[in-house]
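K.L.:
Input: one structure, supplied below.
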Amino acid sequence: AAEKRIVLGAELAADPAAWQASLAPAASAVDAAHRVHPEWVGLPLAELRTALAAETSVPGAFEALVSELDRSGFVVTGTAIRRAAHRPALPSRLQAAGDWLRQTLQAKPLEPPSRKELTSDRASQEALKFLIATGEAVEVGSDQVLSAEAYARAVDAIRAHLRRHGQATMSDLRQVVGTTRRIIVPL
């Protein structure tokens, strides 16, 4: 391994040329996912595993491959992998829905419409999923979504109040944040 005549992983030893050849299909699969689904944070690792079943049939090979990619221009985020330079973007067919959702969440930051009202059609459902996945929106309950900015402000206000007073009731926090019980309870 020190002489670069073999690649060693936690549970893997491989020929360097064969190892490099197995990285190419993995990179291609991630790149293809970025082209086809620019709104995705990355290619789900489960899909990558399926795509590379032949190349990673040896126990530990898939994990070693993902680790190698993670060290060489790719980033593993949760259960997905992406190129470090990839920035998720809404496809053009979802732009209008995404813009509408952003505006709606900003209009009444701490009193947004219910999730059902926000996602009345397929495009808005997909756009909201994107906003949540990319951190632009935050789910605060099964039926509540806030913009990330409104969420951060609310959490900061709650923390500051608790630091000063040590405790609070829901009613106290509702007044501190300036929202309704529908939002403050799950928040």
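K.L.:
Only loop residues by DSSP count here, and only those with at most 11 other Cβ atoms within 10 Å; note down the GluC sites (Glu not before Pro) in the stretch 1-56 that meet that.
P.N.:
Loop-located and lightly packed - Glu3, Glu11.
K.L.:
Quick one: among Ala123, Ala46, Ala27, which has the greatest mean-square fluctuation in a GNM of the chain with alpha-carbon springs under 10 angstrom?
P.N.:
With Cα springs under 10 Å in the chain, the top fluctuation among Ala123, Ala46, Ala27 is at Ala46.
K.L.:
Only Lys, Arg, Asp and Glu count, each charged at its Cβ (+1, +1, -1, -1), so figure out the dipole size of the stretch 42-187 about its Cα centre, rounded to 20 debye.
P.N.:
460
K.L.:
For the stretch 58-124, state which trypsin sites (Lys or Arg not before Pro) are in a DSSP loop and have at most 16 other beta carbons lying within 10 Å of their beta carbon.
P.N.:
Arg71
K.L.:
Relative contact order for the chain: what is it in percent, counting Cα pairs under 8 Å that are at least 6 residues apart?
P.N.:
This gives 15 percent for the chain.
K.L.:
Note down the Stokes-Einstein diffusion coefficient of the chain in µm²/s, whole number, using a Kirkwood radius over alpha carbon pairs, 10 °C, and 1.306 mPa s.
P.N.:
This corresponds to a translational diffusion coefficient of 82 µm²/s.
K.L.:
Okay, next question. Please list, in order, the residues from the stretch 68-106 whose amide nitrogen is less than 18 Å from a point placed 7 Å along the Cα→Cβ vector of Arg35.
P.N.:
82-89, 91-92
K.L.:
Ratio of alpha-carbon Rg to the 2.2 N^0.38 Å globular estimate for the stretch 123-187, to two decimals, please.
P.N.:
Ratio of Rg to 2.2 N^0.38 Å for the stretch 123-187: 1.22.
K.L.:
Please list, in chain and number order, the residues 5+ apart from Val145 or on another chain whose amide H is under 5 Å from its amide H, with Hs placed from the backbone.
P.N.:
Correct list: Arg115, Val140.
K.L.:
Rg/Rh for the stretch 70-126: what does it come to with C-alpha atoms and Rh from Kirkwood?
P.N.:
Reported Rg/Rh, Kirkwood definition of Rh: 1.13.
K.L.:
What percent does the relative contact order of the stretch 18-110 come to when contacts are Cα pairs within less than 8 Å and at least six residues apart?
P.N.:
32
K.L.:
Name the long-range amide H neighbours of Ile81: under 5 Å, sequence gap of 5 or more, or other chain; modelled H, no Pro or chain starts.
P.N.:
Hits under the 5 Å cutoff: Leu43, Leu45.
K.L.:
Taking only protein heavy atoms and a 1.4 Å probe, what accessible area per residue, in Å², does the stretch 6-49 have with all protein chains in place?
P.N.:
52
K.L.:
Suppose only helical runs count, i.e. DSSP H with n ≥ 4. What mean residue ellipticity at 222 nm does that imply for the chain under -39500 (n - 2.57) per run, divided by all residues and rounded to the nearest 500 deg cm²/dmol?
P.N.:
About -16000 deg cm²/dmol.
K.L.:
Only Cα pairs within less than 10 Å get springs; with that Gaussian network setup on the chain, which residue of Pro25, Pro16, Pro112 has the largest fluctuation?
P.N.:
Its mean-square fluctuation being the largest, the pick is Pro16.
K.L.:
Could you check the simple spin-label distance between Gln106 and Ser72, using points 7 Å along Cα→Cβ, in nm with one decimal?
P.N.:
4.2
K.L.:
Can you tell me the dipole magnitude for the stretch 1-99 around its Cα centre, using point charges on the Cβ only (Lys, Arg +1; Asp, Glu -1), in Debye to the nearest 20?
P.N.:
For the stretch 1-99, the charge dipole is close to 260 debye.
K.L.:
Which percent of the accessible area of the chain is formed by carbon and sulfur heavy atoms (probe 1.4 angstrom)?
P.N.:
Ligands and nucleic acids excluded, carbon and sulfur give 54 percent.
K.L.:
A further question follows. Can you give the three extents of the C-alpha atoms in the stretch 23-78 along their principal axes, from longest to shortest, in whole Å?
P.N.:
32, 21, 20 Å, listed from the longest principal axis down.
K.L.:
Continuing with the same structure: Send over the per residue convex hull volume for the stretch 45-105, Cα only, as a whole number of Å³.
P.N.:
Each residue corresponds to 115 Å³ of Cα convex hull volume.
The values are calculated or read from the model by the stated rules, or taken from the named source; none is laboratory data. For clarity, every value in this text was computed on a predicted model and none was experimentally measured. Positions of Cβ are backbone-derived with ideal geometry, glycine not excepted, and every protein chain shown enters the neighbour counts. Just so you know, the surface numbers come from the protein's heavy atoms only, side chains and all, with ligands and any DNA or RNA stripped out. Shrake-Rupley method; radii C 1.70, N 1.55, O 1.52, S 1.80 Å.
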